[in-house]
1. Give the stretch 177-195 a look and list any residue that's of a type outside the set (A, V, I, L, M, F, W, C) and more than 21 Å from residue 245 (Cβ to Cβ), or say none.
2. Within the bounds of the stretch 38-54, is there any residue that is assigned to a strand (DSSP E or B) and either open to solvent by 20 Å² or more (accessible area, probe 1.4 Å) or without any contact (Cβ under 8 Å) to a residue 12 or more places away in the chain (or both)?
3. Which of the residues that make up the stretch 141-158 are open to solvent by less than 10 Å² (accessible area, probe 1.4 Å) and either touching a Lys or Arg at 6+ places or on another chain (Cβ under 6 Å) or part of a helix (DSSP H, G or I) (or both)?
4. Filter the stretch 210-235 for residues that are buried (at least 17 other Cβ atoms within 10 Å of the Cβ) and without any contact (Cβ under 8 Å) to a residue 60 or more places away in the chain and give the result.
5. Based on this model, can you work out whether residue 178 counts as farther than 14 Å from residue 249 by Cβ, among the acidic types (Asp, Glu), touching a residue at least 24 places away in the same chain (Cβ under 8 Å) and open to solvent by 20 Å² or more (accessible area, probe 1.4 Å)?
Amino acid sequence: MRLASFRVNGRTSYGAVTDSGIIDLGKKLKHPTLLDVFRAGAVPEARAAASGAADYQIKDVALLPPITAPEKIICVGINYPERSAEYKDNREQPKYPNLFCRFPGSLVGSEQPIVRPKVSDKFDYEGEIVLVIGKEGRHIPQDKALSHIGGLTLGNEGSVRDWLRHGTLNVTQGKNFDASGSLGPWIVPADDLDPGKPLRVTTKVNGALRQDDTTDRLTWGFAWLINYISTFATLRPGDLIWTGTPTGAGGHHNPPKWLKPGDVVEVEVAGIGVLRNKVVDES
């Protein structure tokens, strides 16, 4: 099953994406949003309702980030083993991950434009897998952590590289420009895609492969991250954990391969799908 949020004919809803289109679950269920579905533990209810004819074709709707208003968006930096070396500053492998937060307004859905801000031309991509929390928990033990994953989706952690360096101990500015990143195209529930098995994530720009790695190589795996983050914050349904991007982002090429208007970025994981966005300049 694939669960998406979308806008059509001036209204916002959510539904199940099938081979024939989208079944509008917002018309069938009492839950106002897909976030409410996860908060109510109602994914089985959504699955039961995901039958019959499609209400819309994918091409006729605007896909939104599947969770449009999460309580938390927590991102993990430098989580594949060769990522530290990309910075060429002789940094030691840290004991704990680098964490930062994004704002909902910094994200758009699949097939929607991502925006290169007018203040910088150093606009970059970072494809990764995003965990959607499905069950509340605090101090979640690692051996129970995967059971708290409600589903998986994809993210392009669009980054404005020079703004990442405005502060010495944070990257918030460069990670939160409006509409600079994307999330989607939909959520695949954990019952349909085992988060405990290795997943291959790739990123292409204009069809050329730029990033390619598998989650069994993460420095801090899914269970470790859930245990660690839930030590300081209660994780609630609909919270998003961005698990880190492989090597190969544009800023680490020589010379750098910054995104420019007209470029198309595609993040893909088999079993989830393709998150696709075209780059535009800020108006």
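1. Step one: filter the stretch 177-195 for residues of a type outside the set (A, V, I, L, M, F, W, C), giving 178, 180-182, 184-185, 189, 191-192, 194-195.
Passing the criteria: 189, 191, 192, 194.
2. Pass one, the stretch 38-54, residues assigned to a strand (DSSP E or B): none.
Taking every residue of the stretch 38-54 in turn, none turns out to be assigned to a strand (DSSP E or B) and either open to solvent by 20 Å² or more (accessible area, probe 1.4 Å) or without any contact (Cβ under 8 Å) to a residue 12 or more places away in the chain (or both).
3. Answer for the stretch 141-158, where residues must be open to solvent by less than 10 Å² (accessible area, probe 1.4 Å) and either touching a Lys or Arg at 6+ places or on another chain (Cβ under 6 Å) or part of a helix (DSSP H, G or I) (or both): just 145.
4. 221
5. Values: farther than 14 Å from residue 249 by Cβ: yes; among the acidic types (Asp, Glu): yes; touching a residue at least 24 places away in the same chain (Cβ under 8 Å): yes; open to solvent by 20 Å² or more (accessible area, probe 1.4 Å): yes.
Judged against the criteria, residue 178 is a match.
Matching residues to (1) under 25 Å from residue 212 (Cβ atoms); (2) in contact with a strand residue (DSSP E or B) (Cβ under 6 Å, 6 or more places away or on another chain):
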{"position": "27", "(1), (2)": "no, no"}
{"position": "34", "(1), (2)": "no, yes"}
{"position": "47", "(1), (2)": "no, no"}
{"position": "58", "(1), (2)": "no, no"}
{"position": "62", "(1), (2)": "no, yes"}
{"position": "65", "(1), (2)": "yes, yes"}
{"position": "72", "(1), (2)": "no, no"}
{"position": "100", "(1), (2)": "yes, yes"}
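The values are calculated or read from the model by the stated rules, or taken from the named source; none is laboratory data. What you are looking at is a predicted structure, and each value in this text was computed from that prediction instead of being measured. Cβ coordinates were reconstructed from backbone atoms using ideal geometry, including for glycine residues, and neighbour counts include every protein chain displayed. Protein only, heavy atoms only, side chains kept; ligands, DNA and RNA dropped before computing areas. Shrake-Rupley method; radii C 1.70, N 1.55, O 1.52, S 1.80 Å.
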